[in-house]
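Read the structure below first, then the notes.
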Amino acid sequence: MSDLNPKPAGTASTAAAPAKKRPAPKSARRRSREIALQGLYEWLLSAADAGVIDAHMHEQEGFEKCDKRHFEALLHGCIREAADLDAVLKRHVDRDTTLLSPVEHGVLLIGTYELKHCMDVPYRVAINEAVELAKSFGGTDGHKYVNGVLDKAAADLRPDEVRKARAR
């Protein structure tokens, strides 16, 4: 939904504070994940038709700068495969996925979808991107939960890649 916006950054409290560096521009993939998360949030709350949500997300500010193919894969793939993705998550979460916050649930769906289907995205990148989404949009410590769950899911979905990385 359009009201799912990143949390505002903190502000400096003194005039003597050093100037903050400008954040690096967001990649097209990161933007696609953010907009897909907004769409999944809307879907989780309303169960609206994926096509209606897709059209709504195309109207969001910054959509033209996202990786449209990746957005489409994430939004439609997560909605289409929600039951299968939740089955993967169910092995690693401490409650039914319907009891998760819609933000964390959406982030976990995206992370699990990328781990399962986006082999061009290294598993550590998929997890890190999900953690960043949770930091931007989720609750205070939601990113820690997302990290732990997706780390375990990665071991299930990409055992060889995880084993090799952990052996280093």
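All of the numbers you see were taken from the coordinates with simple rules; none came from a lab. As the structure is a computational prediction, the values presented were derived from the model and not from experiment. So basically every Cβ, Gly included, is an ideal-geometry build from the backbone, and we count neighbours across all protein chains shown.
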Per-residue counts of other Cβ atoms within 10 Å, averaged by peptide: what ranking do you get for 125-137, 69-81, 28-40, 103-115, highest first? 103-115, 28-40, 125-137, 69-81
Within the stretch 122-143, name every residue whose backbone N is under 13 Å away from a label modeled 7 Å from Cα of E61 along the Cβ vector. none
Enumerate the lysines that K116 could reach by cross-link, defined here as Cα to Cα under 20 Å, with residues fewer than 8 away along the same chain left out. K68, K90, K152, K164
Determine the shape class of the stretch 28-167: with a ≥ b ≥ c the square roots of the Cα gyration tensor eigenvalues, call it rounded for a/c under 1.5, and otherwise prolate if a/b is greater than b/c, oblate otherwise. prolate
Given charges at beta-carbon only (K, R positive; D, E negative), |dipole| of the chain in Debye: 1000 debye
Backbone HN-Hα couplings from phi across the stretch 97-108 [Karplus 6.51/-1.76/1.60, Hz, Gly and Pro as x]: 4, 5, 8, 6, 4, x, 5, 4, 4, x, 4, 5
Roughly what would the spin-label model give for L99 and T140, points 7 Å off Cα along C-beta, in nm? 2.1 nm
For K26, which aspartates and glutamates qualify as cross-link partners when the Cα separation must be under 12 Å and same-chain residues fewer than eight apart are set aside? E34, D67, E129, E132
